[in-house]
1. With a point put 7 Å past each Cα toward its Cβ, work out how far residue 20 is from residue 92 in nm, to one decimal.
2. So which residue, out of 37, 159, 90, gets the largest mean-square fluctuation from a GNM of the chain using Cα contacts under 10 Å as springs?
3. No solvent, one uniform scatterer per C-alpha: report log10 I(q)/I(0) for segment 111-247 via the Debye equation at q = 0.09, 0.11, 0.12 1/Å, two decimals.
4. Report for the chain the percent antiparallel among DSSP-assigned beta bridges with both residues inside it, nearest 5.
5. Taking each pair of distinct Cα atoms in the chain once, what is the resulting Kirkwood hydrodynamic radius in Å?
6. Give the long-range amide H neighbours of residue 276: residues separated by 5 or more places, or on another chain, with amide H under 5 Å away, using H modelled in the peptide plane at 1.01 Å from N.
7. Take peptides 128-138, 301-311 and line them up by average Cβ neighbours within 10 Å, highest first, as a rough protection proxy.
8. Using each residue's phi in segment 141-155, evaluate 6.51 cos²θ - 1.76 cosθ + 1.60 at θ = phi - 60° and report the 3J(HN,Hα) Karplus result to the nearest Hz, with x for Gly and Pro.
Amino acid sequence: MASPTGRAGGKSGARRSPSLAQLRAFTAVAEHLHFRDAAAAIGMSQPALSGAVSALEEILGVTLLERTTRKVLLSPAGERLAVRARAVLDEVGALMEEAEAVRAPFTGALRLGVIPTVAPYLLPTVLRLVHDRYPDLDLQVHEEQTASLLEGLVVGRLDLLLLAVPLGVPGVVELPLFDEDFVLVTPLGHRLGGREGISRAALRELRLLLLDEGHCLRDQALDICREAGRADAPVTTTAAGLSTLVQLVAGGLGVTLLPRTAVKVETTRSNQLLTGYFADPAPTRRIALAMRSGAARSTEYRELAEALREALRPLPVRVLDAEA
């Protein structure tokens with residue numbers, strides 16, 4: 001029978017909590033399934049590691065490991081609790097990173113999500129800015145479509161997003177950076193190729209090629225067509241990325257809309273393309289940073305947004321004020 005204090009320790013039902021050292025020891029053994037290798041991995045002596053795991057078992061009141069002369073195995077309870085222990089250590093690590101960021105802004109990790117129709121054209125500017133101005137910032141870039149990025153931001157997998165807005169998502173704050181026009185990309189010989197002052201109404205009759213479902217640029221292009229008075233979906237031919245889309249145009253399958261920041265990169269790959277410009281007001285998109293409302297590093301993110309606005313001025317965009 002258990003003693004009055006209970007194996008888990010303390011009177012009146014009080015329980016001792018595991019230490020971080022004990023959790024680290026256990027997760028190391030769970031990963032390596034070998035005491036010597038686990039001890040070496042976390043810089044602990046083998047006797048100390050073994051004692052830490054035994055103490056954890058005592059606190060939790062369960063057997064975590066099955067020890068034999070040849071190998072170490074996780075018990076069923078150990079299999080389940082190893083996942084929890086790793087999650088606790090990950091959260092503690094995140095806590096320490098956040099505290100470090102508070103003490104020293106623009107240090108530690110910053111997980112930036114970027115949509116595919118922005119990444120190739122803006123990341124060179126972003127990376128150069130971070131390298132030159134924030135050398136201690138560990139920028140980690142994740143290229144995903146908008147829905148995935150927003151899910152990652154909301155659950156905490158990502159810290160900051162660079163994407164097209166408005167989003168209209170509760171709990172997400174947008175920091176506008178710039179507006180940019182769309183241009184019409186056509187094959188050689190097209191009647192609108194190279195023209196300026198193109199009416200939006202021209203979109204009603206064009207064979208417009210689009211990105212696949214899930215890309216916000218596809219939705220923006222469809223919105224532009226609807227505003228021009230076109231009710232039907234333009235075409236059935238689609239592409240997974242802008243590079244493929246432009247090559248389809250060069251091959252004569254139709255025309256497409258490109259944001260101005262993508263034109264230099266995408267249209268110089270073929271000599272079979274022409275670029276046309278719409279009459280004012282041209283169709284546009286807005287690009288912004290997005291963060292969680294109440295983010296602990298919101299002051300840093302706002303400062304980064306302001307620095308980005310200045311860095312982006314040489315591009316063919318209209319940089320916005322912070323209050324836009």
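The values are calculated or read from the model by the stated rules, or taken from the named source; none is laboratory data. Small disclaimer: the values here were computed from a predicted structure and weren't measured. Reconstructed Cβ throughout: ideal geometry from the backbone, glycine too, with neighbour counts over all protein chains shown. Surface areas here come from the heavy atoms of the whole protein model, side chains and all, with no ligands, DNA or RNA. Shrake-Rupley method; radii C 1.70, N 1.55, O 1.52, S 1.80 Å.
1. Label-label distance for residue 20 and residue 92, simple model: 0.5 nm.
2. Greatest mean-square fluctuation among the candidates belongs to 37.
3. The Cα Debye sum returns log10 ratios of -0.35, -0.51, -0.60.
4. 65
5. When all Cα pairs of the chain are included, the Kirkwood radius is 23.7 Å.
6. Excluding prolines and chain starts, which carry no amide H, the hits are 184, 185, 186, 194.
7. By packing density, highest mean first, the sequence is 301-311, 128-138.
8. Once rounded to whole Hz, the list reads 9, 10, 9, 8, 6, 4, 4, 5, 5, 5, 4, x, 5, 5, 8.
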